[in-house]
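Colleague: Quick one: the structure is below, questions incoming.
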Amino acid sequence: MLPDKTLRKLITLMCLSLLVAGCARPSADSSGIVSDDLGDPTGTATQPLPQGTPGTPQAFATPVNLGPDADDFPANYNPLTGQPVNDASALDLPALLISVSNFPAIARPQAGLSFADYVFEISITEGATRFLSAFYGDFPYAEIPFTGGCEVRTQPFAATDTILGNQVWLDVNANGVQDHGEPGVGGMCVDLFDASGERIAQTSTDSNGYYGFNVQPGIYTLEFKQPAALPFTDSNVGDEDHDSDADPATGRAEAVVASDVLFVDAGLVPPAGVTPTPSPLIKTLDPEVGPVRSGRLVYADVAGFFQDSCLVYAFASAEVLEQLPQCAMVAHEDAGAGSMLDITRMRAIAEENEKADTLFNYASNLFTDEAPAGGFPAVQINVFFSNLNQSGWTYDPLYQSYLRFTDKADLEAIGVLHADTDRLSGRQLDFENVIVLFAEHDVISPTNLDIHLEQGDKGPAMLFRDGQVYKIRWSTISGDYEKQTGRRRPIQWLNAEGTALFALKPGHTWVIVVTPFSTVKDQGGGSWRVRFFPPAGSAGG
């Protein structure tokens with residue numbers, strides 16, 4: 001049987017070739033369509049479009065199925081994400097593990113987390129958490145995003161019917177192809193027309209350039225409103241998943257909808273010599289990552305399974321410092337959220353720690369585009385560490401990943417969440433995989449925990465991907481590779497029985513580390529609640 005995603009694409013192509021014979025046309029009242037009341041950003045009403053015949057779609061990209069060994073990844077692919085990198089030579093540099101502050105709340109929004117391949121969220125007692133972020137391959141960069149002529153959409157897309165949409169992006173190299181790392185364009189105005197040429201809905205793109213409409217099966221025309229000085233790129237170059245569908249002259253693209261259509265994209269070419277206006281969401285124009293805070297005992301375990309990695313933190317207590325690898329430190333600021341690490345220095349640290357005999361191998365897991373069978377609906381994850389430390393993840397079908405939300409650690413707004421953005425760009429964080437990992441926590445002192453992820457350990461976990469949740473297991477037990485070479489590979493994700501690898505979705509992974517007696521409960525309707533229970537004897541425990 002064909003995977004669901006491939007089957008949906010084939011159905012769409014069949015309907016297209018038959019000029020949607022047998023595919024229902026929308027009703028006159030356009031029921032099921034979500035419309036954002038944006039008005040007419042051009043100041044003039046858009047003229048009705050003549051009914052046309054959609055063009056033939058390009059071929060689709062080959063679904064990803066990579067891992068677990070290094071030979072299973074193409075030369076320019078990151079084995080920690082299953083995605084390509086912009087500079088393959090950067091894969092010769094060791095991974096950087098950077099301790100990033102989450103408390104006090106003035107640390108938020110953090111800078112650089114959207115670029116991290118992995119983020120491990122750990123308890124530091126007293127209800128607070130800290131992030132150990134792993135960077136490999138692509139380095140973070142500061143950005144002032146280009147935007148369109150409408151308000152940037154801030155709410156996740158809620159699917160109620162068949163979905164038509166996807167992304168507007170900046171074609172940085174003007175090749176007509178959406179290459180890895182090319183950013184989305186927020187605030188792009190998008191109009192939807194039915195088969196008779198009547199405009200029936202409007203929306204705008206969010207901070208990462210995604211847009212969507214809930215529709216009934218039928219023929220539609222999308223019109224992307226061209227921002228000033230941002231021409232459209234060439235259309236129908238490459239495969240359907242990575243091309244631009246907008247006519248460069250009109251900004252229009254036609255689509256046949258029989259099932260979800262998530263490949264109608266529009267590419268814009270950045271004009272030479274034009275600098276976009278900074279968004280108020282951007283908290284700094286400095287190319288820095290952080291804030292960087294002190295080390296924790298579990299960092300030694302994570303650094304151990306990222307062979308030859310470079311651990312970066314801002315000092316540590318005496319009993320912790322003597323057990324941590326010392327690669328690089330940044331200035332320690334007790335009074336603030338931490339110091340920032342300049343991205344130029346970040347790269348220099350990686351280059352300085354590249355050894356001639358370095359043989360690290362970060363390939364250890366499987367990646368597949370298609371969601372595994374056996375999952376349960378999971379469109380919302382609510383995470384509770386304490387009253388003043390709550391976060392959430394909302395599955396957005398346009399991204400096919402989870403958007404992160406966080407609180408402000410505010411007594412007057414307990415549990416009120418807002419979009420968690422990257423300080424470098426103002427874009428909302430999204431991660432393809434969210435994992436809850438259960439591990440033993442030992443109390444060394446009331447404010448110092450030893451979390452056991454060292455070599456030879458294993459335990460239960462839950463993986464959220466593709467709007468589904470799966471019971472899995474984690475393992476740092478040595479396999480044939482480790483036994484034959486004496487070298488480590490990253491933590492592995494296994495099926496519930498622990499007998500075979502379980503596939504991650506290509507992309508980035510956020511790991512929430514909790515105690516064995518913490519809970520993950522199904523609240524119904526695809527909503528799940530993660531509740532951290534601290535170990536007895538710890539501060540707040």
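The values are calculated or read from the model by the stated rules, or taken from the named source; none is laboratory data. Predicted model only: the values in this text are computed from it and were never measured. FYI the Cβ positions are ideal-geometry reconstructions off the backbone, even for glycines, and counts take in every protein chain you see. In case anyone asks, the SASA skips ligands and DNA or RNA and just uses the protein heavy atoms, side chains included. Shrake-Rupley method; radii C 1.70, N 1.55, O 1.52, S 1.80 Å.
Colleague: Given a Förster radius of 41 Å and the C-beta distance between residue 72 and residue 418 as r, what FRET efficiency does 1/(1 + (r/R0)^6) yield to the nearest 0.05? Show your work: numbers first, answer last.
Modeller: Details: r = 40 Å, r/R0 = 0.97.
The calculated FRET efficiency here is 0.55.
Colleague: Residue separation times 0.36 nm, minus the C-alpha to C-alpha distance between residue 496 and residue 198: what's the value? It would help to have the intermediate numbers written out before the result.
Modeller: Details: separation 298, 0.36 × 298 = 107.28 nm, distance 5.12 nm.
Between residue 496 and residue 198, full extension yields an extra 102.2 nm.
Colleague: Moving on to the next point. Return the ratio Rg/(2.2 N^0.38 Å) for the range 393-488, where Rg is computed over Cα atoms only.
Modeller: For the range 393-488, the normalised Cα radius of gyration is 1.45.
Colleague: Is any residue of the range 335-351 close enough, with backbone N under 14 Å, to a label point placed 7 angstrom from the Cα of residue 87 along the Cα-Cβ axis, and if so, which?
Modeller: 343-351
Colleague: Let me confirm the definition first: pairs of Lys residues in the chain, 8 or more apart or on different chains, C-alpha distance under 30 Å. How many are there?
Modeller: So the count of such lysine pairs works out to 21.
Colleague: Rounded to the nearest 0.05, what FRET efficiency do residue 373 and residue 229 give with R0 = 45 Å and r taken as the Cβ-Cβ distance? Could you check? The partial results should precede the final answer.
Modeller: Working: r = 48 Å, r/R0 = 1.07.
The computed FRET efficiency comes out at 0.40.
Colleague: Sorted by average packing, counted as other Cβ atoms within 10 angstrom per residue and highest first, what order do 126-135, 205-214 take?
Modeller: Working: 126-135: 22.4, 205-214: 26.9.
Those peptides, ordered most packed to least, come out 205-214, 126-135.
Colleague: Tabulate in residue order the Karplus-calculated ³J(HN,Hα) for the range 404-418, using 6.51 cos²θ - 1.76 cosθ + 1.60 with θ = phi - 60°, rounded to whole Hz; enter x for Gly and Pro.
Modeller: Each residue's phi maps through the Karplus curve to give 9, 10, 9, 8, 10, 6, 10, 4, 8, 9, 5, x, 7, 9, 9 Hz.
Colleague: Can you tell me the dipole magnitude for the range 436-541 around its Cα centre, using point charges on the Cβ only (Lys, Arg +1; Asp, Glu -1), in Debye to the nearest 20?
Modeller: 300 debye
Colleague: Where does each of 462-474, 144-156 land if you order them by average Cβ count within 10 Å, highest first?
Modeller: Working: 462-474: 22.5, 144-156: 19.2.
By packing density, highest mean first, the sequence is 462-474, 144-156.
Colleague: Give the distance, in whole Å, between the Cα centre of the range 456-535 and the Cα centre of the range 136-160.
Modeller: Centre-to-centre distance over Cα atoms comes out at 28 Å.
Colleague: Here is a further query. Output the 0 to 90 degree angle, nearest 10, between the alpha-carbon long axis of helix 343-352 and the longest principal axis computed from the alpha carbons of the chain.
Modeller: On a 0 to 90 degree scale, this one is about 50.
Colleague: On to the next question. Which of (1) 84, 57, 52; (2) 73, 49, 49; (3) 81, 64, 49 is the computed Cα extents along the principal axes in Å for the structure on display?
Modeller: After the calculation, the listed value that fits is (2).
Colleague: Around residue 426, which amide H atoms from residues at least 5 apart in sequence, or from another chain, sit under 5 Å from its own amide H, with H modelled in the peptide plane?
Modeller: Close amide H contacts, sequence-distant or interchain: 283.
Colleague: Something else: Using the per-residue mean of other Cβ atoms lying within 10 Å as a proxy for protection, in what order, highest first, do the peptides 434-443, 501-510 fall?
Modeller: Sorting 434-443, 501-510 by mean packing, highest first, produces 501-510, 434-443.
Colleague: Still on this structure: For the range 184-253, what does the relative contact order come out to in percent, with C-alpha contacts under 8 Å and a separation of six or more?
Modeller: That works out to 28 percent.
Colleague: Considering the options 193, 227, 447, tell which one lies farthest towards the positive end of the dipole of the chain, charges being +1 on Lys and Arg and -1 on Asp and Glu at the Cβ, about the Cα centre.
Modeller: Farthest towards the positive pole: 447.
Colleague: Which residues' amide hydrogens lie under 5 Å from the amide hydrogen of residue 312, considering only partners 5 or more residues apart or on another chain, with H built in the peptide plane?
Modeller: 97, 98, 99
Colleague: How large is the charge dipole for the range 209-274, taken about the Cα centre, if only the Cβ atoms of Lys, Arg (+1) and Asp, Glu (-1) carry charge, to the nearest 20 debye?
Modeller: In total the dipole reaches around 340 debye.
Colleague: Please list, in order along the range 375-390, the HN-Hα scalar couplings obtained from phi with the Karplus expression 6.51 cos²θ - 1.76 cosθ + 1.60 (θ = phi - 60°), rounded to whole Hz, x for Gly and Pro.
Modeller: x, 10, x, 8, 9, 9, 10, 9, 10, 10, 9, 6, 4, 9, 8, 10
Colleague: What number comes out for accessible area per residue over the range 372-472 if the probe is 1.4 Å? Units Å², please.
Modeller: Spelled out: the 1.4 Å probe surface of the range 372-472, per residue, equals 35 Å².
Colleague: Quick one: if you stick a label point 7 Å off each Cα along the C-beta vector at residue 477 and residue 286, how many nm between them?
Modeller: It is 4.7 nm.
Colleague: Now, a different point. Add -39500 (n - 2.57) for each DSSP H run of 4 or more in the chain, then divide by its residues: what number comes out at 222 nm, to the nearest 500 deg cm²/dmol?
Modeller: -2000 deg cm²/dmol
Colleague: Kindly identify the range 458-541 as rounded, prolate or oblate by the Cα gyration tensor criterion: order the square roots of the eigenvalues as a ≥ b ≥ c, call it rounded if a/c is under 1.5, otherwise compare a/b with b/c, prolate if a/b is larger, else oblate. List each step's numbers first, then the result.
Modeller: Working: a/c = 2.44, a/b = 1.36, b/c = 1.79.
In terms of gyration-tensor shape, oblate.
Colleague: For the full complex of protein chains and a 1.4 angstrom probe, list 198, 182, 322 by accessible area with the highest value first.
Modeller: Greatest to least solvent exposure: 322, 198, 182.
Colleague: For the pair residue 348 and residue 160, how long in nm is the line joining their label points, each one 7 Å along Cα→Cβ?
Modeller: Here the modelled spin labels are 5.5 nm apart.
Colleague: Additional query: How far apart, in nm, are two points set 7 Å out from the Cα along the Cα-to-Cβ line at residue 62 and at residue 445?
Modeller: 5.6 nm
Colleague: Tell me, what HN-Hα J-couplings in whole Hz come from the Karplus equation 6.51 cos²θ - 1.76 cosθ + 1.60 at θ = phi - 60° for each residue of the range 102-113, using x for Gly and Pro?
Modeller: The phi angles translate into 10, 9, x, 5, 5, 5, 8, x, 6, 10, x, 5 Hz.
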